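The values are calculated or read from the model by the stated rules, or taken from the named source; none is laboratory data. This one's a predicted model, so the numbers in the text were calculated from it and none came from an experiment. Quick reminder, even Gly has a Cβ in these numbers, built from the backbone with ideal geometry, and neighbours come from all protein chains shown.
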Amino acid sequence: MKKLTALLCSSSFFFIIMCLYFFLDQFSSNTYNDGFQEETNNVQQSIHDLQKKVYEIGDILDFSSRAIETMNKKIDKIHDNNNKIKTGNRTYIKFNPQKVIYGHNKEEDHLCLFTSVFNSTIDIKMADVYDEVPFDNINGGVWKQGWEVEYRKDAFDKQKLLVFVMPHSHNDPGWLKTVDEYFHDQTVKIISNVVDALAKNVNRKFIWAETSYAALWWDQASPAKKQLFQELIHNGQLEIVTGGWVMNDEANTHYFNIIDQMVEGHQWMEKHVGIKPKNSWSIDPFGYSPTMAYILKRMGFESMLIQRVHYRIKKYLAENKNLEFMWRQNWDHGSTTDIFTHVMPFYSYDVPHTCGPDPKICCQFDFKRLPGGGVYCPWHIPPREIQDDNIKERSETLLDQYKKKAQLYRSNVVLAPLGDDFRYDKVFEVLAQYTNYEKIMEYVNSHPELNAEIRFGTLKDYFEAVAEREGVKPGEKPPSFKTLGGDFFTYADRDDHYWSGYFTSRSFFKHMDRELTGHLRAAEIIYSLAKSYHKNTQQFPEDNLYSELMHARKSLALFQHHDGVTGTSKNPVVNDFGQKMFDAIKSSIKVMESSANFLLTHKNFQYSDSIGDTQIFLFGENRMSFDSLPIKNLIIISDKPSQVVFFNSLAQERKQTVFLHVSEPLVEVKSFTGEAIPYQVSLLWKDSLSAHNAKYEVSFVAIIPALGLSKYFISRAVTSNTSYLSVTTTHNINQPTINEKFKVSASNAKEIYVKNDYLKAVFDADTGLLTDLSTDGIVLKKVQIIFMSYGTVANMDRSGAYLFLPSGEATSIVENNPPITITSGPIYTEVMTRLQYVIHKVRIYHSDTLEARSLDIRSVLDIRQTNNFEFVMRIESEIQNNDREFFTDLNGFQMQRRKTLAKLPLQANFYPAPSMIFIQDKKSRITLQTQQANGVASLEQGFIEVVLDRKLNQDDNRGLGQGVMDNRVTLSAFRLILENFENPPPEKTSLIAYPSMLSMSLSHQLQNPIYDFVVAASVPINQFNSVFSGLKIPLPCDLHLLNLKMLQDNNRVAPSDTAALFLHRIGFDCAFKKICLTNEVTYAEIFDPLNILHLEETSLSLMHSHKFLNKKNKINISPMEIQAYKIKLT
């Protein structure tokens, strides 16, 4: 009976399939008409339902499945023929909202399997190390943070010691001076001095890291000096290490920015010098992220060196000779991410702390400190020039330190860096260092009984020597070396001095950094689209706009410096960074305005940027100066519709609320099809008692295609319908002064309730702050926002730009009965409370959008009138995160498990959160997403704490020489997400977790806003098309288009015909509700509109070619991986 039933069902199903097949075949050759689009959509839905049945029934319906595949191809053919609109030299893809490819999702199965399995092959798990290490601070003698290092007399009898003395100069592109001041005062001399010195002796070596300075030097160098610079690099005397534009911070930076600044540096090096760095040198960033290790590995690096690691962690690693290891990603199921890593063992990278464990002795071999050098040894024993009468004693004393240092590593090879900040700027030092060390080398190398050889070397020389002695190729894992997983935060250099302050310092500029990131990424993408559609049209000013892009790239890259985004520079330097970012934002806006204009210009009109003095496309917001917040431009409403264009830089369709400022409240909004759409008009408040009477906010849900533009119309309402005007409810406010058309009422309720179809939030009417939150049937009695503050200790060492040294636990900032305003309407409801240091807004959306599943939190901070004040937002909930476990992101790329440890001081339990923190129990998870980098913690069960801004009156004795007193009015933006597990998380604690698909999608929206442009009123409506999409179909939701940027022409400041494409396959937690489908797609299916001639897979900074691909190949990127391509456009 079962077989008969199955046969009947199969026969019926087959008949339906064939009917549909015949129907499509009849229509495939017909001309397109408006009615057929609806029919096609109906057929697609039918196919979706049928395919689900095919999958359930199994192999018996294999023939039917093949028929469905044929139908899909015919639908694609119909769309291909009819969705293309020819307009002159450009082909546009007609916008079909929410087009989805359906089918059995093998890709999602693979991803879920990947994220549910965790790597257990890592030898040293840093999360476990923190549990194990006692974090004591025992005086170790001359090596204060270690122990008395000794070695056997016969330790080097079988294999002599090999020492590489490596001269270097650490050049900060901005710290105590601006980048330009440093360059003209010191760096230009340093590079020239070194080039001259190396040219005199082929055995001399040097390393250089900062491409930004190399580029400045190159621009003013003579042709002879440039040639000599190149020769020294190619003969191995001068090694470019890392080669990024800067030596970037690793705590606050977003992975987009890290990759971008590395590409900027590598592209310059490859173009001007013809080299591809293989070894990384990172001595000054204040802690280290495995994201950087991953990026270096995928850029083709073999080895890396780091320095600023917690002193007790250094001791732990040194005790077991594990200061060199293979750094592996926690999420790596194999070993493909392994990169050979060297940790410097001692306190600093200056000469007293690099030759061996005794800084008093090592300082005597820093020959800049000879009399007349202007620098002295703190131990009051100065260096002595090497002469015949002291060469034996001096050489053997230094060699003893080298041999002691060798005891901390597994191979008898020692790296002895010789340099410090801005060294070798005087010829005196160059001669003193090289000539004195040459004498020592000659002596030691001519006495075989010393069992040692000393020579000048580069990082490459050192790593190759270690590999040779271990019997492996450079970068490969030596048999006895361990693997390590995790990160090196939070850094402490001594005592309880934890560098967790810089996670928040200068929060205004941390937010500005992300604003520029979003602007530049959007400008890169829309310019690349315009360039690909440009073809033979000569009207588009591509060269001028490309110059703007190059300027913006360099400014953003510069700020990633470890004294830039960290907020640890002097005031004038911070202002210089800010001005450069401000100019870069303006450059990015100019590129977006012109590119959007060009892409939408109708074929019957010529492209033009302006009509007379009137700019045609005007960006929707304006910033008056580098230290002010952006404000929306005002749209003057009239009977003639104003055209507003929105740009979506994400590769997925965007359905999201947008905001505009208009001159009058009675308006109407229409889509590009002319359809009236719901909207909301809200008051804009001057202060708690009055609202603007000539400026209002219009909000509505816009739908914008992937990498696309959509046009909307706003005009004066033809009727006096006020249903779209928001309603205002106030607490603790006397009758405010507002436009009479708006309804306002006072309330004495004890609680404020706000809800939509996904969330219900409750606020305390006495404070205006959140107290409860529920979603999906999960009711948490408490999800409470509290504002708090920390002071600083009264000791000599106090909090500053780098250090967080609180005087105790945070204290609540209690403010009863502040002015509270509730704005309600069809698009959103907002609760705004005005507290002493913050205007705090929480918004909930009433639309069927992703953002409606989260709380939108925006706080405008002003702590300028405080002293030694660290302003904190704490979220207290009933989430039972055992062991005070929480997860923070690393550079927006991956999540890392944290645990609040009682054995550590409070400040040690704060970690960087460039974009996200979450806590969870067996039932649910709370995620706080940040638009800017912040320091965060979970000090008690159920708590999330985020430091919003900090003002410190004093220096913290780390070289800056000042406090942080230059605070600005600052915006901090967050999203709060409450999610219920559909499948409970594993009982066993994991080193890593993944955000949900919802969380990642919202994070991408938060980091990459929708940008709007107002079209000049004098422009005819038909001059611009209404919609544009740069993709044939959207990317699957787990595939993020990180960037699309045009590469520079080799001979001039102009774009080439090659673009760089970066794709990232997101890893997400499958234990939560799915919000979209992931699919296998080909490059051609997605990128057909770009007219790709060649597609080349490369390393992550484009230095190394991997293979050429066929456009018909499937996009095959494993979860968590980022893949770069060079695409040549026709």
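Please find, within segment 666-676, the residue that is modelled with the lowest pLDDT out of those that are surrounded by 15 or more Cβ atoms within 10 Å (Cβ to Cβ) and among the hydrophobic types (A, V, I, L, M, F, W, C). Among those that are surrounded by 15 or more Cβ atoms within 10 Å (Cβ to Cβ) and among the hydrophobic types (A, V, I, L, M, F, W, C), it is Phe672.
Of the residues making up segment 535-594, those that are under 19 Å from the mean Cα position of the chain (by Cα), small (Gly, Ala, Ser) and assigned to a loop (DSSP other than H, G, I, E, B) are Gly564, Gly567.
Does Val165 fit the bill of being modelled with pLDDT of 95 or more, crowded, with 24+ Cβ neighbours inside 10 Å and not in a helix (DSSP H, G or I)? Write out each step before concluding.
Numbers: modelled with pLDDT of 95 or more: yes; crowded, with 24+ Cβ neighbours inside 10 Å: yes; not in a helix (DSSP H, G or I): yes.
Taking the combined requirement at face value, the residue satisfies it.
All of Ser688, Ser723, Ser642 fail the test of being crowded, with 17+ Cβ neighbours inside 10 Å and at pLDDT below 95, apart from Ser688.
Against the definition (assigned to a loop (DSSP other than H, G, I, E, B) and either within 25 Å of the chain's Cα centre (by Cα) or surrounded by fewer than 21 Cβ atoms within 10 Å (Cβ to Cβ) (or both)), how does Gly475 come out, yes or no? Don't jump to the end; show me each part of the working.
Values: assigned to a loop (DSSP other than H, G, I, E, B): yes; either within 25 Å of the chain's Cα centre (by Cα) or surrounded by fewer than 21 Cβ atoms within 10 Å (Cβ to Cβ) (or both): yes.
Yes; evaluated as a whole, the condition is true for this residue.
Evaluation of Phe301 against the conditions (1) buried (at least 22 other Cβ atoms within 10 Å of the Cβ); (2) under 23 Å from Phe164 (Cα atoms); (3) out of contact with any strand residue (DSSP E or B) (no Cβ under 6 Å at 6 or more places or on another chain) shows that the sole unmet condition is (3). When you scan segment 775-791, do you find a residue that is aliphatic (A, V, I, L, M) and part of a loop (DSSP other than H, G, I, E, B), even just one? No; the residues of segment 775-791 include none that is aliphatic (A, V, I, L, M) and part of a loop (DSSP other than H, G, I, E, B).
Filter segment 390-437 for residues that are among the aliphatic types (A, V, I, L, M), in a helix (DSSP H, G or I) and under 21 Å from Ser192 (Cα atoms) and give the result.
Kept after step one, since they are among the aliphatic types (A, V, I, L, M), are these residues of segment 390-437: 391, 398-399, 406, 408, 413-416, 418, 427, 430-432.
Applying the additional criterion that residues be in a helix (DSSP H, G or I) yields 391, 398-399, 406, 427, 430-432.
Val427, Val430, Leu431, Ala432, listed by residue number.
Of all the listed residues (Ile926, Ile919), the sole one being in contact with a Gly (Cβ under 9 Å, 6 or more places away or on another chain) and either part of a loop (DSSP other than H, G, I, E, B) or touching a residue at least 60 places away in the same chain (Cβ under 8 Å) (or both) is Ile926.
Only one of the numbered conditions (1) surrounded by 24 or more Cβ atoms within 10 Å (Cβ to Cβ); (2) over 24 Å from Lys554 (Cα atoms); (3) not aliphatic (A, V, I, L, M) is not met by Tyr213, and that is (2). All conditions but one from (1) part of a strand (DSSP E or B); (2) within 19 Å of Ala1060 (Cβ to Cβ) apply to Gln267; the one that does not is (1).
Cβ-Cβ contacts under 6 Å between residues 6 or more apart (or on different chains), taken from a first residue in segment 120-143 that is farther than 16 Å from Val309 by Cα to a second residue that is surrounded by fewer than 15 Cβ atoms within 10 Å (Cβ to Cβ), are listed as Gly141/Glu148.
Go through Leu558, Leu520 for me and flag whichever is out of contact with any Pro (no Cβ under 9 Å at 6 or more places or on another chain), buried (at least 21 other Cβ atoms within 10 Å of the Cβ), among the aliphatic types (A, V, I, L, M) and under 23 Å from Val179 (Cα atoms). Walk me through how you get there before you give the answer.
Values: Leu558 fails: out of contact with any Pro (no Cβ under 9 Å at 6 or more places or on another chain).
Within the list Leu558, Leu520, the selection yields Leu520.
Does Ile714 satisfy the criteria of being more than 30 Å from the chain's Cα centre (by Cα), at pLDDT 95 or above, surrounded by 18 or more Cβ atoms within 10 Å (Cβ to Cβ) and assigned to a loop (DSSP other than H, G, I, E, B)? Let's see the steps before the verdict.
Numbers: more than 30 Å from the chain's Cα centre (by Cα): yes; at pLDDT 95 or above: yes; surrounded by 18 or more Cβ atoms within 10 Å (Cβ to Cβ): yes; assigned to a loop (DSSP other than H, G, I, E, B): no.
So Ile714 fails the test.
Applying the criterion of being surrounded by fewer than 20 Cβ atoms within 10 Å (Cβ to Cβ), among the small types (Gly, Ala, Ser) and touching a His at 6+ places or on another chain (Cβ under 9 Å) to the residues of segment 1081-1129, the residue that is modelled with the highest pLDDT is Ser1099.
Of these, Gln962, Gln932, which one is in contact with a strand residue (DSSP E or B) (Cβ under 8 Å, 6 or more places away or on another chain), more than 29 Å from Ala902 (Cβ to Cβ) and not β-branched (Val, Ile, Thr)? Steps first, answer last, please.
On the way: Gln962 fails: in contact with a strand residue (DSSP E or B) (Cβ under 8 Å, 6 or more places away or on another chain).
So the residue among Gln962, Gln932 that is in contact with a strand residue (DSSP E or B) (Cβ under 8 Å, 6 or more places away or on another chain), more than 29 Å from Ala902 (Cβ to Cβ) and not β-branched (Val, Ile, Thr) is Gln932.
Counting only residues that are surrounded by fewer than 23 Cβ atoms within 10 Å (Cβ to Cβ) and either outside any helix (DSSP H, G or I) or at positive phi (or both), how many does segment 176-206 have? Selection size over segment 176-206: 7.
Given the criterion in contact with a Leu (Cβ under 7 Å, 6 or more places away or on another chain) and part of a loop (DSSP other than H, G, I, E, B), identify the matching residue among Leu1031, Leu1095. Walk me through it before giving the result.
Numbers: Leu1095 fails: part of a loop (DSSP other than H, G, I, E, B).
Among Leu1031, Leu1095, only Leu1031 is in contact with a Leu (Cβ under 7 Å, 6 or more places away or on another chain) and part of a loop (DSSP other than H, G, I, E, B).
Restricting the first residue to segment 1007-1022 and requiring it to be of a type in the set (S, T, N, Q), which pairs with a second residue that is in a loop (DSSP other than H, G, I, E, B) and modelled with pLDDT of 95 or more meet a Cβ separation below 9 Å and a spacing of at least six or different chains? Listed pairs, sorted by first residue: Gln1007/His254; Gln1007/Gly892; Gln1007/Ser915; Gln1007/Gln931; Asn1008/Ser649; Asn1008/Leu650; Ser1018/Ile616.
Would you confirm whether or not segment 1069-1076 contains a residue that is without any contact (Cβ under 8 Å) to a residue 40 or more places away in the chain and more than 25 Å from the chain's Cα centre (by Cα)? No.
One line per residue, one yes/no per condition, for (1) of a type in the set (Phe, Trp, Tyr); (2) over 25 Å from Gln560 (Cβ atoms); (3) assigned to a loop (DSSP other than H, G, I, E, B):
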| residue | (1), (2), (3) |
| --- | --- |
| Ile977 | no, yes, no |
| Tyr994 | yes, yes, yes |
| Leu998 | no, yes, no |
| Val1014 | no, yes, no |
| Val1019 | no, yes, yes |
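Leu976 meets the conditions (1) without any contact (Cβ under 8 Å) to a residue 40 or more places away in the chain; (2) surrounded by fewer than 24 Cβ atoms within 10 Å (Cβ to Cβ); (3) among the aliphatic types (A, V, I, L, M) in every case but one. The failed one is (1).
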